[in-house]
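Trainee: Below you'll find the structure I mean.
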């Protein structure tokens with residue numbers, strides 16, 4: 001299975017102040033890790049950005065980017081996602097993986113029946129959510145917990161999903177009968 005060789009590690013937000021600083025939303029476990037990856041680029045690799053300085057501010061960073069010197073320039077880069085090569089990330093340990101490694105994996109139930117494929121991992125503030133695209137119908141948004149996702153096997157190319165009764169067609173009340 002081919003993997004995207006570029007990993008999104010941050011997204012530039014709105015301008016902060018008048019001296020060219022920007023809000024920076026890191027997607028790394030250590031928010032300041034974006035300072036250590038070297039130049040970051042857009043997904044297509046056409047534009048490069050270097051984070052010269054960053055400080056933690058509430059739920060984001062306030063960062064100075066090389067070549068962004070004023071508020072107008074900062075406003076022009078708002079919304080740009082910043083990527084690094086997958087090879088620049090540290091290796092994972094046993095049982096560890098990056099969210100990006102899960103995209104495209106088959107989602108199967110505990111008996112091995114295919115449910116669909118993983119299309120995204122989201123976090124809206126209350127924990128990770130795994131998004132599964134079934135062969136037909138609406139996508140499934142499920143909490144990424146050990147109860148719902150009891151097993152991840154990147155090497156085998158699948159995640160095991162324990163679907164709640166409501167999704168399988170029953171209801172919790174039906175399970176008691």
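Trainee: Taking Cα pairs under 8 Å and at least six residues apart, what relative contact order does region 74-120 come out at, in percent? Walk me through the intermediate numbers first.
Mentor: Numbers: 26 pairs, mean separation 11.2, N = 47.
Here the relative contact order equals 24 percent.
Trainee: Looking at region 6-87, send over the antiparallel percent of its DSSP beta bridges, to the nearest 5.
Mentor: Within region 6-87, antiparallel bridges account for around 100 percent of the total.
Trainee: Now, a different point. From the list (1) 54; (2) 65; (3) 37, can you say which value of percent of Cα pairs over 22 Å apart was derived from the structure given?
Mentor: (1)
Trainee: Then there's this: Please give the contour-minus-distance gain from residue 165 to residue 42: 0.36 nm per residue of separation, less the Cα-Cα distance, rounded to one decimal in nm. Please report the intermediate quantities before stating the final value.
Mentor: Details: separation 123, 0.36 × 123 = 44.28 nm, distance 4.16 nm.
Gain on extension, residue 165 to residue 42, equals 40.1 nm.
Trainee: In addition: Counting only helical runs of four or more DSSP H residues, what would the 222 nm mean residue ellipticity of the chain come to if each run contributes -39,500 (n - 2.57) and the total is spread over all its residues?
Mentor: -2000 deg cm²/dmol
Trainee: Okay, moving on. From the Cα gyration tensor of region 6-87, with a ≥ b ≥ c the square roots of its eigenvalues, which class applies: rounded if a/c is under 1.5, or else prolate if a/b is larger than b/c, or else oblate?
Mentor: oblate
Trainee: Evaluate the relative contact order of the chain (contact order divided by residue number), counting alpha-carbon pairs under 8 angstrom at least 6 apart; express in whole percent.
Mentor: Relative contact order for the chain comes out at 17 percent.
Trainee: While we're on this one: Provide the packing ranking of 15-26, 113-124, 133-144, i.e. peptides ordered by the mean count of other C-beta atoms within 10 Å per residue, highest first.
Mentor: Top to bottom by mean Cβ count within 10 Å: 15-26, 113-124, 133-144.
Trainee: State, as an integer percentage, the relative contact order of region 102-168 based on alpha-carbon contacts under 8 Å between residues 6 or more apart.
Mentor: Reported as a whole number, the value is 30 percent.
Trainee: How would you classify region 102-168 from its alpha-carbon gyration tensor, with a ≥ b ≥ c the square roots of the eigenvalues: rounded for a/c under 1.5, else prolate if a/b is greater than b/c, otherwise oblate?
Mentor: rounded
The numbers here are math on the coordinates, done by the rules we state, and not lab data. Model, not experiment: these values are computed from the prediction. Note that each Cβ is placed from the backbone with ideal geometry, even for glycine, and that neighbours are counted across all protein chains shown.
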